[in-house]
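Participant: Could you have a look at this structure, given as structure tokens, before my questions?
No lab work stands behind these numbers, since they all come straight from the coordinates. Quantities reported herein were computed from a predicted structural model and do not represent experimental measurements. Positions of Cβ are backbone-derived with ideal geometry, glycine not excepted, and every protein chain shown enters the neighbour counts.
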Amino acid sequence: MTSQPSPRPQAGLPQPHSVPDGTQPALPYVLPFAVFVLLIGLFNVWHPADLTELLIRFAVMIPVLWIFSRNVIDFRVIHLGGTVVVGLLIFAVWILPDAVFPHYRQSWLFQNQVLGTLHPTLTAGSRKDGLSLVLRTLRAVAIVPVVEELFWRAWLMRWVIRPDFLAVRLGTYSAKAFWLVAVLFAAEHGPYWDVGLLAGILFNWWMIRTRSLGDLMLAHAVANGALCAYVIAAGKWEYWQ
């Protein structure tokens, strides 16, 4: 009997060896997001100094990503120019309504008991502390894009199509998966659910176009980085929820 040649791996599709034997396939994609959300809940009831909180987030999230997710993270970028443009477009979408209509987000549609209210996470003192600003920006650019893209578009968009999600290629289109992820992504952003929905639609569309986790993480990082620069330069601290 002659052995058959191994199939060539598809770009953007994690291969079976990416998940160690005995590991739940979803764990590397879901656990970082779960820990990230748990930290948000923790700091909603316990309020340490801003710098302490930021250091704890890094001290927890970096080991979690390294230990559990490093084998499924793919930083390769296929469409650099387009990805940067998409990131900047999402940034523009995020700030445009409030820039055009200054009191737009004061409506009960955006601030209520379900969605929460706008409250900056950095104290007045921390807004003048360079280290706090750098760490807050690094969190938004280096941690959040990896955690969220692993969960929303590398896992959930595929899992909705088929629970055996590793058999589904990244960026596979399904109307149910597309819109469910977009709506849940919007809900995650509370008072910014409207722009969160538009951002979710753009991120989902770009994943379908590129089929690349690296492109999505970069687009997310560009959007968050531009927003951080805007927050610091314009003093729009309410965007840092």
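Participant: Can you compute 3J(HN,Hα) from phi for each residue in the stretch 30-41, using the Karplus curve 6.51 cos²θ - 1.76 cosθ + 1.60 with θ = phi - 60°, rounded to whole Hz and x for Gly and Pro?
Facilitator: Whole-Hz 3J(HN,Hα) from phi for the stretch 30-41: 9, 4, x, 5, 4, 5, 4, 5, 4, 5, 4, x.
Participant: What order do you get for HIS79, HIS119 when you list them from fewest to most C-beta neighbours inside 10 Å? Display every interim value, and only then the final one.
Facilitator: Details: HIS79 17, HIS119 11.
Going from least to most buried by this count: HIS119, HIS79.
Participant: Let me ask another. Based on DSSP loop calls and a cut-off of at most 15 other Cβ atoms within 10 Å, the longest stretch of the chain free of exposed trypsin sites (Lys or Arg not before Pro) is what?
Facilitator: Free of exposed loop sites, the longest segment is 77-168.
Participant: Taking chymotrypsin sites (Phe, Trp or Tyr not before Pro) that fall in a DSSP loop and have at most 11 other Cβ atoms within 10 Å as cut points, what is the longest piece of the chain between them?
Facilitator: Counting at most 11 other Cβ atoms within 10 Å as exposed, the longest clean stretch of the chain is 109-241.
Participant: Here is a follow-up. Between THR52 and LEU39, with labels modelled 7 Å along Cα→Cβ, what's the label distance in nm to one decimal, could you check?
Facilitator: Label-label distance for THR52 and LEU39, simple model: 1.7 nm.
Participant: Nearest 0.05, what FRET efficiency do TRP66 and SER107 give at R0 = 45 Å with Cβ-Cβ as r?
Facilitator: Result of the calculation: an efficiency of 0.60.
Participant: Also, I was wondering about something else. For ARG76, what is the net charge nearby, where nearby means another residue's Cβ is under 12 Å from its Cβ and Lys, Arg count +1, Asp, Glu -1?
Facilitator: Net of charged neighbours comes to -1.
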